[in-house]
1. Go through segment A:249-277 and give me each residue that's within 7 Å of chain C (Cβ to nearest Cβ), within 25 Å of B:ARG283 (Cα to Cα) and of a type in the set (A, V, I, L, M, F, W, C).
2. Among the residues of segment B:155-174, is any touching a residue at least 24 places away in the same chain (Cβ under 8 Å), in a helix (DSSP H, G or I), open to solvent by less than 20 Å² (accessible area, probe 1.4 Å) and under 24 Å from C:LYS152 (Cα atoms)?
3. In this structure, does B:ILE123 turn out to be open to solvent by less than 20 Å² (accessible area, probe 1.4 Å), of a type outside the set (Asp, Glu) and over 21 Å from B:SER169 (Cα atoms)?
4. What number of residues in segment D:56-69 are touching a helix residue (DSSP H, G or I) at 6+ places or on another chain (Cβ under 6 Å) and open to solvent by less than 10 Å² (accessible area, probe 1.4 Å)?
5. Quick one: is A:ARG187 away from chain D (no Cβ under 14 Å), open to solvent by 10 Å² or more (accessible area, probe 1.4 Å) and at pLDDT below 95?
6. Show the residue pairs that are 6+ apart or on different chains and have beta-carbon atoms under 6 Å apart, the first residue being within segment B:123-141 and among the acidic types (Asp, Glu), the second being assigned to a strand (DSSP E or B) and surrounded by fewer than 18 Cβ atoms within 10 Å (Cβ to Cβ).
7. So, in segment B:315-343, how many residues would count as being outside any loop (DSSP other than H, G, I, E, B) and open to solvent by 50 Å² or more (accessible area, probe 1.4 Å)?
8. Kindly check whether there is at least one residue in segment D:280-291 that is in a helix (DSSP H, G or I), within 12 Å of chain B (Cβ to nearest Cβ) and among the hydrophobic types (A, V, I, L, M, F, W, C).
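The values are calculated or read from the model by the stated rules, or taken from the named source; none is laboratory data. Source: prediction; values computed, not measured. Don't worry about glycine lacking a Cβ; one is built from the backbone with ideal geometry, like all the others, and counts go over all protein chains shown. Accessible surface areas use protein heavy atoms only, side chains included; no ligands, DNA or RNA. Shrake-Rupley method; radii C 1.70, N 1.55, O 1.52, S 1.80 Å.
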4 protein chains.
Amino acid sequence: MTQKINVCMIGAGRVGKLHSGTLKRYLPDGEVVALVDTQPEILNQTGDEFGIEARFTSLEEGLDKADFDAVIITTPTFTHKELAVMAAEAGKHVFLEKPMAMDLEECDAIIQACEQNGALLQIGFMRRFDPDFSLAFERIQAGEIGEPMLVKSLTHGPGLPPPWARDLSRSNGNLAEVNSHDLDATRWLMDSNPARIYLEVANFKGEERGVDTENYYDNMIANLKFESGGLGSISGVCPCDYGYDARMEIIGKKGIMIIGSLENNALTVGVDRDTGLVTPIFRRWPDRFEMAYIKEIEHFIQSIQRDTQPKVSGEDGRWAVAGVLAGTKSFLEERPVKLSEVM
Amino acid sequence: MTQKINVCMIGAGRVGKLHSGTLKRYLPDGEVVALVDTQPEILNQTGDEFGIEARFTSLEEGLDKADFDAVIITTPTFTHKELAVMAAEAGKHVFLEKPMAMDLEECDAIIQACEQNGALLQIGFMRRFDPDFSLAFERIQAGEIGEPMLVKSLTHGPGLPPPWARDLSRSNGNLAEVNSHDLDATRWLMDSNPARIYLEVANFKGEERGVDTENYYDNMIANLKFESGGLGSISGVCPCDYGYDARMEIIGKKGIMIIGSLENNALTVGVDRDTGLVTPIFRRWPDRFEMAYIKEIEHFIQSIQRDTQPKVSGEDGRWAVAGVLAGTKSFLEERPVKLSEVM
Amino acid sequence: MTQKINVCMIGAGRVGKLHSGTLKRYLPDGEVVALVDTQPEILNQTGDEFGIEARFTSLEEGLDKADFDAVIITTPTFTHKELAVMAAEAGKHVFLEKPMAMDLEECDAIIQACEQNGALLQIGFMRRFDPDFSLAFERIQAGEIGEPMLVKSLTHGPGLPPPWARDLSRSNGNLAEVNSHDLDATRWLMDSNPARIYLEVANFKGEERGVDTENYYDNMIANLKFESGGLGSISGVCPCDYGYDARMEIIGKKGIMIIGSLENNALTVGVDRDTGLVTPIFRRWPDRFEMAYIKEIEHFIQSIQRDTQPKVSGEDGRWAVAGVLAGTKSFLEERPVKLSEVM
Amino acid sequence: MTQKINVCMIGAGRVGKLHSGTLKRYLPDGEVVALVDTQPEILNQTGDEFGIEARFTSLEEGLDKADFDAVIITTPTFTHKELAVMAAEAGKHVFLEKPMAMDLEECDAIIQACEQNGALLQIGFMRRFDPDFSLAFERIQAGEIGEPMLVKSLTHGPGLPPPWARDLSRSNGNLAEVNSHDLDATRWLMDSNPARIYLEVANFKGEERGVDTENYYDNMIANLKFESGGLGSISGVCPCDYGYDARMEIIGKKGIMIIGSLENNALTVGVDRDTGLVTPIFRRWPDRFEMAYIKEIEHFIQSIQRDTQPKVSGEDGRWAVAGVLAGTKSFLEERPVKLSEVM
């Protein structure tokens, strides 16, 4: 009989609720037994919603009073390092949402704390657990399209990010909060580290939505050169308003692979020939990656049960942070930046 | 140098205009040199629109006064036999719109008149010239899906047919006017004649649109058994309002082939995440079969130039009429009807 | 805290394994605590695979020795009535796989036993829990396409059914085993009972696969007339070899809705321009309805927890059986058969 | 009656044959009456194939001996300026294939010669006449997706370009020969001139295909900033082997528009469930833009007949050349280059 894994959820906001719901509804082998949030109101709301009795306003208190095997950290980026290190040092396994941390020093501290305390570490790049993306990876690895030459990835999100996520000093901005996924996914599918990045950014909606953060941008295109010699392009638009959009294309020496779709359902409706045919779109990210969110937490639970290293490591999270730092430097200095400049 | 083919267009309504436009705009080897319509107003409108000087209110007059190689007959079904026979007896090649005629005696008279006077005869089943349908045919013939077992075909049209086309005594109704194409296309792709047909019909919109024709129906599903043992299904909805819809699926012993689409363009738009993604639909039949209409008339012109039998013969037209007669008998008598009962 | 529901799985074959896996992997609120199968070898294999300790070769023994709230019956059709009645009379809630039973007397016996013993009854039409189909239902109910006029449904399955499922005396053949889903789904989406059915069948692969069962068919098309006046068509092909195919189209007075797709992934690959673009197909039914299978069992568990009637009732199962009986009579007697003739 | 336009085709290779075929088969209002090619063998082959009697090995000879209204120039880029200027000075209207010329001085010379001699000038960006792209343009202009923020465009071609087209000194390489279309199309749809470009290139297949041209690349990604503040990305892969691929996406403040598809036909085939579903791909560029090639030449003919300026002007061609020059400078100097540096 497999061991049931007890989890302390850190952060009771929308991502904390998503993972709590996944565990409660779909994962018999894991259970959220404690909840941490600095804001008592949200803490109690989420605790009530998912029937979590043990509630704390700090991780320290949680570690002191509750018994659990692992933490899932869903708080803002600038809090990651402190929480992850504290949990690891208490011997708890760590599932850490992306982006991993604010800078590479923080990433290193987290990796080191986990290693030294025997804590497993998984970064929340759920795209790797999506049925479409993971099948693509398998087939590329099997050589189906030959050596990868060029990859494109996009993440366009519907809503204006929260203030901290628009602030370069607390989050590294959209490149980190929205397009970390693309930095990870392009490196994963190309099977090569990025070597150089060039970023163009634009701010089209900031003023009308009352954003006056310095260096704020809501559109960006990154141009990548990989160590393999391959090329890459990432686009980010947030808020894009039209829905949630996460797609990739990769061209190898033998052919092309197109991954993902905007269509939320295999349902097409025509009721007006002037309009045409209508198909539901993914409205929000949980719609697009419903199964991926289940499978990434299942993988974390199973990695603990089996004591195996999770698929998405601290090293993976660190590379995405490095890409963010180099990309930000690129648009600020209006020049291509080598990853080696920031690593 | 190839001979230019001079054509007399019979019928100056929407189909007459379609073919006149095709010849004028896209087919250097053919020219409409005479136009016939019993209604002077439409005759002059269409004549002016396409720059056709020679205009006649009867084919007899046209044959008497104008010089041409061929006729294209686009008038209502109940006029087909008389016009086609007259043209053939004058030695003119005949392109005859579907449905070929009202009954098999008329079909036979047309076929015989053409044969005896050396006139080529082509029936207007343009679907056979559509790039998607013709590629499907080639691949089925090449054995790609194995022996055909089951075929489905549909034609749903947006608008209420004209009064004569709703009247069984002047047109044989929607099964003839709308679904003749399916009767032909299923027989063509199955490479087998229909042996038995069963029809269910329904009338959902007649009353609200002021149609009180006896036995009128606007929805129908036909169930077919072919001589090969294969099965078929045809659906007809007219008026369907949502656009023009013509698609097929065929299953062979080895696999499936899905032919056609409702999407008019490779253009997808998302501007409202509650609505979803929108793609233009084929609004009318000329949108769907733009290239097929060019190619079928080009084929007729080239068949005359090369003196070869057109691909879609009087025999093909006759089988579709037989299917119409048996199908109509089926729904009136509420039983499956063998084609042999009407042939 | 919600009550955990203990289940006895009856039948340890492929459907029994599917539901056992769903409960074990994804549904914390239910647990398979007992397993019944008449064949000890399969009983032990499946018991081992899913860690079910309590194993019995008869339901009687299971009822006697184990403690559970509900049964899930996955055995062949001809065994359904006896098992379902026995479970109901022991006060167990019943999830019963489709087709519900061999005839209407058996359906009535099951319904009556459940009602008299306070047992909830759910029939395994998982299609109703599929995200695409259920969204379609909601939108049709909301009037999006207007009053339904015409529906088409298909189920084509890849493999040759087991001998009992090809034998009309033990299963009612493919119309029951494969196309029960379509009989239910068309009635559900049309919101009307079928009134008349006509069936054409064909046998293309039986001989080459060594099937000599009387009246065996591997292709069928059913033509339906509903009480509402609406029309329907169902096609069945099994074995179809090319994959698992379950799609629907429905046309209402205002428009069309196309439901489902053959594409298993949002992944398109092009590596050879002579071949073209390739997309994975649903290989087997569990691929197509992965989420629907989770949600139907979740619904059964929740119905018990909340003591509410499951969405797919015995009445629904009974209508599908009536459709099967009338359809079979139709092809044997080569005439349309009214449902009232068999009810 | 409209005047028939007589054309001298310059260049008897694959593009010259394409346009000659279009005129002969589909455009009654235009006729190729003279053919020019420096290579007698190709001159005669193509002349025979399309029945063009008047054949010349130089434009000078053609101008001297034949009578025509216009030229269509399909020869390599480095010959464009001399031929276009000579034709314009002889009062002939000029249809000039893309890329317009080698540099901006050449572009200016062509534009000036046409203006001073009353010659109409159209550049061969046929994408503007494609039904999908032109509908997209109309809808963007109508405000459907709001102000354009970000555009992506790709052209991936199957075959290795001819030696002159791989040589920066005679063609400016793939950015010019393959991706000129994207430089034009992004500027057209964004309704803004490019302001800055950054290019990454890679050479994956050169060595294995025996290409040793200096600075040769077969993969490239360009990152664009427009004068409007909008962003753009263009990818080029040639040879890509998998087919011909030309697609765009554009995101405006209100939504997204996805333009084009890889699918050549509305035909899907499934015969092997391990492979999945297969759809024909565009194998070569004439497949993808069949209708656009007809419509661009029809537009040129009609512009002459009506004496109106063609839609795709010398100015449009000149901007694409400027983008090519800046892009090439960018990858050679490994830095973003402003268009103002080359203009």
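1. Within segment A:249-277, A:ALA266, A:LEU267, A:VAL269, A:VAL271 meet the criteria.
2. The answer is yes, given that some residue of segment B:155-174 is touching a residue at least 24 places away in the same chain (Cβ under 8 Å), in a helix (DSSP H, G or I), open to solvent by less than 20 Å² (accessible area, probe 1.4 Å) and under 24 Å from C:LYS152 (Cα atoms).
3. When the stated conditions are applied, B:ILE123 passes them.
4. Within segment D:56-69, residues that are touching a helix residue (DSSP H, G or I) at 6+ places or on another chain (Cβ under 6 Å) and open to solvent by less than 10 Å² (accessible area, probe 1.4 Å) number 1.
5. The answer is no for A:ARG187.
6. Every condition considered, no pair remains.
7. Residues meeting the conditions: 7.
8. Among the residues of segment D:280-291, at least one is in a helix (DSSP H, G or I), within 12 Å of chain B (Cβ to nearest Cβ) and among the hydrophobic types (A, V, I, L, M, F, W, C), which makes the answer yes.
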